[in-house]
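Heads up, the thing below is written out as structure tokens.
The values are calculated or read from the model by the stated rules, or taken from the named source; none is laboratory data. Remember, it's a predicted structure, so these values are computed and weren't measured experimentally. All Cβ positions, even for glycine, are placed from backbone atoms using ideal geometry, and neighbour counts span all protein chains on display. Ligands, DNA and RNA are stripped out before the accessible areas are found, and what is left, the full protein with its side chains, is counted by its heavy atoms. Shrake-Rupley method; radii C 1.70, N 1.55, O 1.52, S 1.80 Å.
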Amino acid sequence: MDAREEFVKRYVRAVIDLPQDARVACELLDDEDVADDARAIVAGSLLSLLQPGDLIPDTWGPLGMVDDAVTLRLAAAKAAPAGSEVRQRQEQRFPAFFAELEPDLEAARAFLADTFALFDARLPKLAQAEHKGKRVEIVLRDPAARIWLFDEVDEVMTDLEIAEDDLLVAMRRVDSLLTHLRRRLAHR
């Protein structure tokens with residue numbers, strides 16, 4: 001299987017699983033054993049799920065969710081590094097997510113190639129994310145703000161209805177993602 005086919009296979013599943021994967025991120029955000037800088041990135045990845053304009057705009061339909069799935073995985077890998085106690089504990093709760101985490105990221109790196117640098121560069125910037133006046137620092141400090149974020153994410157993810165057939169059709173245009181991301185990379 002080539003890099004494109006592997007990416008499509010993995011990220012069709014990842015986009016469909018996005019609501020469940022957002023719950024994993026919520027658990028990581030609530031895990032006090034996760035380092036504060038990593039928790040800030042996880043909070044930012046959740047806030048970015050609520051934003052329509054990110055690396056791939058949500059106006060692209062199901063393809064617009066691919067960057068959210070990649071970003072969520074990068075944040076989870078930062079918060080729960082392989083071999084860490086946090087990872088071991090979270091793997092017990094979410095075995096399917098963590099079993100596929102590294103292979104999913106490897107597939108993204110292989111297919112997205114040079115454009116994956118956009119995701120790497122975006123990761124630390126997530127710590128400054130904001131939505132509806134709620135910034136990451138507030139979400140980290142205030143339990144009520146965290147509950148608000150969890151409710152917002154839950155509402156958006158509950159309303160997210162992507163049929164696998166529609167996603168498979170959209171993924172036929174996956175090469176357009178590379179074109180779009182290469183343009184963004186050139187303008188950095």
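Mind jotting down the distance between the C-alpha centroids of region 125-172 and region 77-109, whole Å? So the separation of the two Cα centres works out to 20 Å. Calculated mean residue ellipticity, 222 nm, the chain: -22500 deg cm²/dmol, from DSSP H runs (n ≥ 4) at -39500 (n - 2.57) each, averaged per residue and rounded to 500.
Accessible area per residue was computed with a 1.4 Å probe on protein heavy atoms; S176 scores about 40 Å². Of T158, T71, the order by accessible heavy-atom surface (1.4 Å probe, DNA, RNA and ligands excluded), from most exposed downward, is T158, T71. Qualifying trypsin sites (Lys or Arg not before Pro) in region 131-161, where qualification requires a DSSP coil assignment and no more than 15 other C-beta atoms within 10 Å, comprise K132. Rolling a 1.4 Å probe over the heavy atoms of the protein chains gives region 94-188 an accessible area of 57 Å² per residue. What is the sum of charges, Lys and Arg at +1 and Asp and Glu at -1, for the other residues whose Cβ falls under 14 Å from the Cβ of P81? Here the count lands on -1.
Mind checking which of A117, A22, A76 has the largest fluctuation in a GNM of the chain, springs on alpha carbons under 10 Å? The residue that fluctuates most here is A117.
Charges were assigned to the Cβ only: +1 to each Lys and Arg, -1 to each Asp and Glu. The resulting dipole of the chain about its Cα centre is roughly 720 debye.
Binning the C-alpha pair distances of the chain at 5 Å intervals from 0 yields a P(r) profile of 1, 8, 18, 21, 22, 16, 10, 4, 0, 0 %, listed from the shortest bin outward. The alpha-carbon positions of region 1-76 define a convex hull whose volume is 93 Å³ per residue. Take the Cα of E155, step 7 Å toward its Cβ, do the same at Q51, and the gap between the two points is 1.9 nm.
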